[in-house]
1. With the Cα gyration tensor of the stretch 1-152 giving a ≥ b ≥ c as the square roots of its eigenvalues, does the rule (a/c under 1.5 for rounded; else a/b larger than b/c for prolate; else oblate) give rounded, prolate or oblate?
2. Using the Cα gyration tensor of the stretch 126-290, with a ≥ b ≥ c the square roots of its eigenvalues, what is the shape: rounded (a/c below 1.5), prolate (a/b larger than b/c) or oblate (neither)?
3. What is the stretch 28-136's relative contact order, in percent, from Cα pairs under 8 angstrom and six or more apart in sequence?
4. Roughly what angle does helix 162-172 make with the longest principal axis of the chain, taking Cα atoms, 0 to 90 degrees, to the nearest 10?
5. Give me the percent of DSSP beta bridges within the chain that run antiparallel, rounded to the nearest 5.
6. Packing-wise, with mean Cβ within 10 Å as the measure, how do 78-90, 30-42 rank, highest first?
7. Using a 10 Å cut-off around each Cβ, can you sort 147, 232, 277 from fewest to most neighbouring Cβ atoms?
8. For the chain, what's the relative contact order in percent, using C-alpha pairs closer than 8 Å and at least 6 residues apart?
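None of the figures in this text is laboratory data; all of them are computed from the coordinates on show. Just so it is clear, the structure is predicted and the values come from calculations on it, not from any experiment. Note that each Cβ is placed from the backbone with ideal geometry, even for glycine, and that neighbours are counted across all protein chains shown.
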């Protein structure tokens, strides 16, 4: 018996197989499946080497498949000409254990990060929101901007490096925000920074805003001041992760929030929990990145592009 062939997806293969609009729907379904306990996800494991960066092992099980993502986050890498995020996603058959596909983790991560950020903004933002902005023009920030555009919404981009913001805007067909303050005042705001500096200080958010906080995905990181986060209507992707390694962790440490005061995006999408309740409400989404999101993107890639991916004989 010949060994099974394994589909190998480069970053280009992943991006070709899963356009942003497909990624949004895949991530939507994954959030709902996770909320309904149809997909399971053991806690991610951090192997830290701070201040340089960290490694993460992220498993998930769902739809007849098991997944493991081994991925890095090294914020200083771009200065070395290296990607911040790199690694592999392994997709296996949950009934036989056979390895089915190997995918570039950076591309999978960018797609699901952009999809989650925009999905949360669409779900929790005001229905009459007019302006959208992404702060951070790295790989994941570009993915968020690309997803806004694919969903038919104009977006502006700001980055600490003006040239990087200009290059991203030109490549995507977006606008460059006139200033950081202008970007932070948008109706729908996505922050995708390394999380080493607070962007949103006390009193910075205005009634009716929504912020998808995507950068503080590990211990010690923050993009918003704790007191500012506490005065918003808070949602997260997963309480266990967010309360230990997300923006919410800072509130939990101070005893300022409990699990029952934070909504779950999956519950809102499933219709089991209310999202925004008034036009003036300020909503925030604390994203720590879930392996079930990676599973959704991997399954979509295999379904849509498996025949064109390279094949590896084990």
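1. Verdict is oblate for the stretch 1-152.
2. Taking the square roots of the gyration eigenvalues as a ≥ b ≥ c, the stretch 126-290 is prolate.
3. That works out to 16 percent.
4. It is inclined by approximately 60 degrees.
5. 55 percent
6. 30-42, 78-90
7. Listing 147, 232, 277 from fewest to most nearby Cβ atoms yields 277, 232, 147.
8. Relative contact order comes out at 23 percent.
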